[in-house]
Structure formats: structure tokens, C-alpha cells
Amino acid sequence: MNKSRLFRELVNGPELLMMPVAYDGLSLLAIEQAGFKATCVAGYGTSGSVLGLPDIGMISSSEMLTNYANLIARTELPVMVDIDTGFGDVNNVIRTVQQVEQMGAAALFIEDQTYPKRCGHMGGKSVVEVEEYLPKLKAALWARKNPDFVIMARTDARTVHGLDEAIRRAKIYAEAGADMVFVEAVTSKDEMRRVNTEIPVPSMANMIEGGRTPFLTKDELQDVGYAFAAYPCGPLYAAARAVQKWAATLKEEGTTENFASPENMMDFAEYNKFIGADEIREREKKFFE
């Protein structure tokens, strides 16, 4: 089974698909080893981990796609990728879709913000007219080679123009052929339920700790009608806090001896096992027998 078909089956399955978002190889391995069935890689974490900058459109397409390719190559999980606004006009969208499909991605989403875009839960966003976004969506649908490859349309119109306009756009995008939709930054359970009642294709929830959207449990998300949910910030926030604490301890105490407990960090042997070094060493041996 190809990964795109598997991703579709997971989204359309009886249980809500929980999809933590990886930002680098270590977060990817942690997500995989925890037993999740799919993951995503996106601009927010990539911009933070690669550049140390916020998700405000400063990272280039080549930087994003290089990170995506490395992560997709490291996992057997289906991976959805974020291509922001498509990195240009319809021709850029076509090239980008072809690139991510060739990398082995299972799905992607493209949004209707203006460029440079912003994280969907930040203020100061703006969106293009539907007539400007639709050609990009159609180009993305045209560009895919594998008919199972998933194209999801994202709208950020809720924050800019209100929920009615966001739902209107999402329905137009679904009618144009989008396999799934993502109405970003809804602000209540009632809004979430309405999105899933009125839109005729599977919908994704975006669960950000401290974001605009209510942070619901898996069961609550399923109850209001979502097919799958992304968790884009938690891995990044957890890692940032852990390294922040480690660095502060070293600076203040001159050693991390008191910090180096199993609750706070791995040790040398545990990390080698986690990263796969032990397996690689065992693999090496067969070539010298």
C-alpha cells in the first residue's frame, strides 16, 4: 500500500487520526517511537529549528523542502507537508507539488494567505481573494501524479473575514477538488462543529497550546466532527523549554550533574539507542563477516 492511500484510510477510519508535527529528525523519531500512525512537517517548526525565527514567511522554499526531504527519508510513517502559499504563482505550485510527491510525502496543504504568510494563530494576517487562490489549488491538483496523493486546502479567512466567509471558501475549495480542508483558527466548539457540519470533505483541527482554537481532547475533537488533528507546536515548545532549562543550569551551577536525571534528559547510552546507533553498528558487522 502506498503512503498516500494509507493516509487516506487513516483519515477516513473510525477513529480521529492524531498527527503530531515533527520539526527535525529527533522530534520525528520521538513521534514514531511513541506509536503514532502519521506525522506532518510544517513551516512553523522548520523556521524555528532551522533559522531560530518565527513563522512569518522568512524561510525559503529550498530550506523548507530540504528539511522535509530529510525527514520523509527517515520514517516509514505517512507524512503530510505544509507548502505555505505555494512559493509563487501556479508554476511554482506545480513544481513544489511534484517535488514533495517525489520525496515520498503522502499529502500536502496549501493556504490562501497573502505572501509573506504568518502562523495561522498570529495577528496581522491577510488572505487573497478566492479567485487568486483557486488557480493555485487547481494547479496543485493537476500536478500530482499519484491519484491517491492528498491535496488539502487551508483557509485563514476566519480571523480576517469571519466564520461565514471561511466556510464559504472551504466549500468552494472542496467543490474545486480539494480532498480535505483546514479552516484555521476557529475560536469555539460551536464553530468547530459548524465547520464539520457544513463542509462535505474531511476536515483537520489544529491543536496549538495557547492558540486561538480550544485545545480539545481526542474524543472531543471526534465528537465535533473532525477526521484528524495536527499538533504543530507541542514538540517544539517542549524541546525549547528543556534546552532552556539545561543551558540555564549549566550557566548558573557550572555543571549539569544535578539536572541529568532520567526525567530531564537521556544519557549517552540511551540517546545512542534512541537515534539508532546500536542498530547501525550491528548492521555494519555483516559486511565484515
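Entry remark, region 209-228: residues being closer than 22 Å to residue 31 by Cβ and surrounded by fewer than 20 Cβ atoms within 10 Å (Cβ to Cβ) number 10 in total. Report yes if residue 106 is crowded, with 17+ Cβ neighbours inside 10 Å, on the phi > 0 side of the Ramachandran plot and touching a residue at least 60 places away in the same chain (Cβ under 8 Å), otherwise no. When the stated conditions are applied, residue 106 does not pass them. The residues of region 158-203 that are crowded, with 19+ Cβ neighbours inside 10 Å, under 19 Å from residue 132 (Cα atoms) and β-branched (Val, Ile, Thr), listed by number, are 159, 167, 181, 183. For region 14-45, which positions are modelled with pLDDT of 95 or more and hydroxyl-bearing (Ser, Thr, Tyr)? Listed by number, the residues that qualify are 23, 27, 39. Scanning region 233-285 for residues that are among the polar types (S, T, N, Q), farther than 30 Å from residue 18 by Cα and surrounded by 13 or more Cβ atoms within 10 Å (Cβ to Cβ) yields a total of 2.
Does any residue of region 256-269 turn out to be assigned to a helix (DSSP H, G or I) and of a type outside the set (A, V, I, L, M, F, W, C)? So far as region 256-269 goes, no, none of its residues is assigned to a helix (DSSP H, G or I) and of a type outside the set (A, V, I, L, M, F, W, C). Residues of region 167-181 that are under 24 Å from residue 96 (Cβ atoms) and of a type in the set (A, V, I, L, M, F, W, C): 170, 172, 174, 176, 178, 180, 181.
The values are calculated or read from the model by the stated rules, or taken from the named source; none is laboratory data. The shown structure was predicted, so the numbers you read here are calculated from the model rather than taken from an experiment. Reconstructed Cβ throughout: ideal geometry from the backbone, glycine too, with neighbour counts over all protein chains shown.
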